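Each reported figure results from applying straightforward, stated rules to the coordinates on display, with no laboratory input. Just so it is clear, the model here is predicted, and its values are computed rather than measured. Backbone-built Cβ (ideal geometry, glycine too); neighbour counts: all protein chains shown.
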Amino acid sequence: MAKPEKAGNRRSSRNRTQVSYLELDDVDNISPEIDVVKLRNLIMQGEFEPLGDAILPADLTMTELRRTGFRKPYLVAQGRDVEETRKALGIRLPPFELTTHTIAENVGYEYPVNIVDVATQGAGPKWTLGQWREYFYKPAKQRGRLLNVVSLELSGSKLAKMVAPPTVVCQLDLVNRVWPQDDPDKPQVLLYALMGVAGCVTDFHVDFGGSSVWYHMVSGKKVFLLVPPTDGNMELFENWSSGEEQLSVFYGNLAEGVMRVELQAGDTMLIPSGWPHAVATPVDSAIFCTGLTYPTSCSSGSWRSDWASDRYSGFPYTRQQCGTQRGTTWRRSRQGAGVAKVA
Ligand SMILES: O=C(O)CCC(=O)C(=O)O
Ligand SMILES: [Fe+2]
């Protein structure tokens, strides 16, 4: 299984200043800190429109996504029977309960994990899953700095083999659709486990590589603020995220049409590409998510790679996949002049 790359900073443009790290001695990345409590309260208590009605699992189909162009996020609530809901969506989970403990057990205690230091929103300590598990199960008061895991890459692990995404996600995924199935270079994208302790927040960001994302809450609760990527909102996002302003200004108050959604255990959400979002974790939580590419993210012209968070090591082959939108399928261009791989 491939080792994860560096824990990326969401905002690498920030100036570095000295802060004291009393709890951790292996942090080599010192950044200015956000006001975590203020950001958490703004996300949790700010007045925003609700995302709107959840859709029934049976209605989340390609026909529905084609009808709307997948221009808005979709929420599927866990419903009366979470097993039935998962079945209707096509989601398969391991036969055992998914917890930080079982994730560590199945992926490997020595496996390195990208950790986010919540106060700096940048890279935290370089730990193994075993160390993370120890941290996660400490009483909150003994944990020291607030740390979050949002990008434990599971592709290739035995755990990944036990997980199937919603059927519609597989149908939508450009890698699945255009890549020759027997090509050894076919990217394995992408299954991530997210494990956050109570109090974590992630400031506004756009997910990597223009990808759409699906989230399935395994346990706990997350509150998302979602921002429609209108020209006006993206201009504001660009200014906000490229300056020191992001430390003191809440982007949720600048943007228009911000929507709020609370995800409970068993809920599933799909976010289209390019939507800035912020997330608060009020209780210890675990979720699965994955990035998938979707044609409109390339063809609409609305995607700009420099908007994306560099938290992940990069969505593979984005350019080739977008090439399919210009009327050349990957298969054809590959047989022709050949295309260099771009990570
Ligand atoms: O759970 C979090 O704190 C962040 C989730 C998120 O937006 C992401 O993983 O991209
Ligand atoms: Fe995200």
Distance check, please: which entries in 38/138; 126/161; 72/138; 72/126; 72/158 exceed 30 angstrom between their Cα atoms?
-> 72/138; 72/126; 72/158
Starting at the first residue of region 134-144, write each ³J(HN,Hα) from the Karplus equation 6.51 cos²θ - 1.76 cosθ + 1.60 with θ = phi - 60°, in whole Hz, x for Gly and Pro.
-> 4, 4, 4, 8, 6, x, 3, 5, 9, 7, x
If amide H atoms are modeled at 1.01 Å from N in the peptide plane, then the residues at a separation of 5 or more from residue 283, or on another chain, having amide H under 5 Å from its own are 199, 221
Restrict the search to region 27-131; then list the GluC sites (Glu not before Pro) that DSSP places in a loop and that have at most 16 other Cβ atoms within 10 Å of their Cβ.
-> 33, 47, 97, 110
